[in-house]
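As structure tokens, the structure follows; a few thoughts come after it.
The values are calculated or read from the model by the stated rules, or taken from the named source; none is laboratory data. As the structure is a computational prediction, the values presented were derived from the model and not from experiment. Cβ: placed from backbone, ideal geometry, glycine included. Neighbour counts: every protein chain shown.
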Amino acid sequence: MTELFLTVGLPGAGKTTRARQLAEERSALRLTPDEWMIPLFGDPQPDGKRDVLEGRLLSLALEALRIGTNVILDFGCWSRDERSAIRWLVKSAGASCHLVYVPVDHETQRARIAHRQSTTPDQTFLMSDADLLHWRALFEEPDASELDGHEIDGPPPGWSGWLEWATARWPSFP
């Protein structure tokens, strides 16, 4: 059975480093939106473009799973709803989904981001301490049932299914 590994965590946690390791270990296609943003749009955070890119990468991931290729989605996925939708889509494609949570404390996160910005400024974007604190407050840490791959919650109220929710969340999906 093909596998999708979904990295979960905040900027500077080490998700991409872990995704690279997994891609090598599992002979998997690694899809990291951060590596596409600047080459495609000339900007690491152009308004609305990340959601469009993630939708296309998600479609590509599902296609790769269907043809027997393991995939690493290096998205971050801060919300339980995003993770549940992706888990449901992967299961619907006949593959298994594994969340790879990479936690990081605030001080380590700040140090890693400062290092990234000083050594590879053309591959990242500026993140202030206020941004990091705001994002940390928005982040929904996965619980044990998510990490163990147990039951997938139903979609939020008002949504008939995860496919409809995903299509609204990622405007270029499917």
| task | State whether the residues of segment 65-73 include one that is assigned to a helix (DSSP H, G or I), more than 20 Å from I152 (Cα to Cα) and among the small types (G, A, S). | result | no
| task | Considering every residue within segment 113-129, establish whether at least one is surrounded by fewer than 15 Cβ atoms within 10 Å (Cβ to Cβ) and at pLDDT 90 or above. | result | no
| said: When you scan segment 66-75, do you find a residue that is modelled with pLDDT of 90 or more, at positive phi and either touching a Phe, Trp or Tyr at 6+ places or on another chain (Cβ under 9 Å) or small (G, A, S) (or both), even just one? | reply: yes
| query | Pick from segment 1-57 the residues that are more than 13 Å from the chain's Cα centre (by Cα) and assigned to a strand (DSSP E or B): which of them is nearest to L99 (Cα to Cα)? | reply | E3
| task | Collect the residues in segment 128-148 that are under 15 Å from S79 (Cα atoms) and hydroxyl-bearing (S, T, Y), keeping them in residue-number order. | result | S145
| Hey, G149 hits all of (1) farther than 21 Å from L4 by Cα; (2) touching a Cys at 6+ places or on another chain (Cβ under 8 Å) but one; which does it fall short on? | (1)
| Regarding A137, is this residue more than 18 Å from the chain's Cα centre (by Cα) and surrounded by fewer than 14 Cβ atoms within 10 Å (Cβ to Cβ)? | no
| field | Hey, D81 within 21 Å of W165 (Cα to Cα), part of a loop (DSSP other than H, G, I, E, B) and out of contact with any strand residue (DSSP E or B) (no Cβ under 7 Å at 6 or more places or on another chain) or not | value | no
| request: Identify all residues within segment 46-62 that are among the basic types (K, R) and either touching a residue at least 60 places away in the same chain (Cβ under 8 Å) or farther than 25 Å from T108 by Cβ (or both); write none if there are none. | output: K49, R56
| Could you list, in sequence order, the residues of segment 16-45 that are free of Cβ contacts under 8 Å to residues at least 24 places away in the same chain and surrounded by 18 or more Cβ atoms within 10 Å (Cβ to Cβ)? | M37
| said: Only one of S172, S84 is of a type in the set (S, T, Y), in contact (Cβ under 8 Å) with a residue 40 or more places away in the chain and either touching a Leu at 6+ places or on another chain (Cβ under 9 Å) or closer than 20 Å to P46 by Cα (or both). Can you tell me which? | reply: S172
| note | Given (1) crowded, with 19+ Cβ neighbours inside 10 Å; (2) in contact (Cβ under 8 Å) with a residue 40 or more places away in the chain; (3) under 22 Å from E24 (Cα atoms); (4) under 16 Å from the mean Cα position of the chain (by Cα), L65 misses just (4)
| request: Would you please list the contacts, defined by Cβ atoms under 7 Å and residues six or more apart or on different chains, that run from a residue in segment 101-128 that is in contact (Cβ under 8 Å) with a residue 12 or more places away in the chain to a residue that is of a type in the set (S, T, N, Q)? | output: V102/T7; R116/T124; T124/Q117; F125/Q45
| said: What's the total number of residues in segment 140-152 that are in a loop (DSSP other than H, G, I, E, B) and crowded, with 16+ Cβ neighbours inside 10 Å? | reply: 2
